[in-house]
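Asker: Dropping a structure here in C-alpha cells format, bear with me for questions.
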Amino acid sequence: MQVLKSIALSVLILFGVPSDQERVKLNIESNHSTVGFMVRIAGGITKVRGKFTEFDMDMDYVDGDLTKSSVNFTIQASSIDTGIDDRDQHLRSKDFFEVETYPEITFVSSAIRNKGEVFEIEGDLTMHGIKKHVTIPFVATSQQKSSLGISLEWELDRKEFGVGTGFKHTSIKNFISDKIKVEIDFWTRKAKNQGN
C-alpha cells in the first residue's frame, strides 16, 4: 500500500496536478454579470434582445491555468426578460421553454482549452429537457488569483433543444430565426467562506 501511495505522489509531482491549496472556489457576481441573447424575428426584418436575470455559477479555478479549471452554470428559465411582459409569459409557456416542466438551463464543463487568443470550453448544455455536448469559445477579460472575468458570444440552434418548434405565426412564415446569439459577460470572485 505504501508503494502505491509513493507512486501516486510521484505522478502528481511529475504532471503538475494542482494541490487543494492552488484551487480556488469562485462564485459569480450577479450584480456585475449578464446572461443575454439576441434573435432575429419577422423574417429577419428586426430583432429582439433579452436576458435571464436569475443565474448561478460555481467554478473550481486554478490561478494561471484555466485549462485545469471546471465550471457549473445554472439559469432559471422563468427569469427570461425581453422587456415585454406578455411576450415573456409566452416564452415561459409550452410553446417555448415550458418553465414549469423544465425550470433550469444548465451547463457542466468537461474541458477547457487554450486556443491562443481565445479559450474553448466544452461540456453538456441541458435546455428544455434536451442535453447536447457543445464547444463554446470565450475570452478571459481578467485573470487574478481570486477573481476572473469572462466574455463570450456564441450561436446556438433553438430547434436542437426543442424550443419553439411547434410555434407558428399567424401570417409570417419562419417568424423566429432558428439561430440564437448568446452573449454572456460575467465576473467571479472568491467564495466568501474561503477567507481573503
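Taken together, the values in this text are just the output of simple stated rules run on the coordinates, not laboratory data. Please read these numbers as outputs of a predicted model, since none were measured by experiment. Neighbour counts are summed over all protein chains in view; Cβ atoms, including those assigned to glycine, are modelled from backbone coordinates with ideal geometry.
Asker: With runs of 4+ DSSP H residues as the only contributors, calculate the mean residue ellipticity of the chain at 222 nm using -39,500 (n - 2.57) per run, divided by the residue total and rounded to the nearest 500.
Answerer: Values: 2 runs with 22 residues, N = 196.
Value at 222 nm, helices only: -3500 deg cm²/dmol.
Asker: Using a Förster distance of 25 angstrom, determine the FRET efficiency expected from the C-beta separation of His169 and Ser79, and round it to 0.05.
Answerer: Using R0 = 25 Å, I get an efficiency of 0.50.
Asker: Between Val108 and His32, how high is the FRET efficiency from 1/(1 + (r/R0)^6) when r is the Cβ-Cβ distance and R₀ = 22 Å? Nearest 0.05. It would help to have the intermediate numbers written out before the result.
Answerer: Values: r = 23 Å, r/R0 = 1.06.
With R0 = 22 Å, the Cβ-Cβ based efficiency is 0.40.
Asker: Then there's this: Relative to the longest principal Cα axis of the chain, at what angle does helix 2-15 sit, 0 to 90 degrees, rounded to 10?
Answerer: Once rounded, one gets 60 degrees.
Asker: Can you list the HN-Hα couplings for the range 132-147, worked out from phi with the Karplus curve (6.51, -1.76, 1.60; θ = phi - 60°), rounded to whole Hz and with x for Gly and Pro?
Answerer: Ordered by residue, 3J(HN,Hα) equals 10, 8, 10, 10, 10, x, 8, 10, 8, 7, 7, 10, 10, 4, 10, 7 Hz.
Asker: Any idea how far apart Lys94 and Val134 come out in nm if each label point goes 7 Å out from Cα toward Cβ?
Answerer: About 2.6 nm separates the two model spin labels.
Asker: Of the listed values (i) 58, 13, 11; (ii) 38, 17, 16; (iii) 47, 15, 12, grab the one calculated as semi-axes √(5λ) of the Cα gyration tensor in Å from the structure here.
Answerer: This structure yields the entry labelled (ii).
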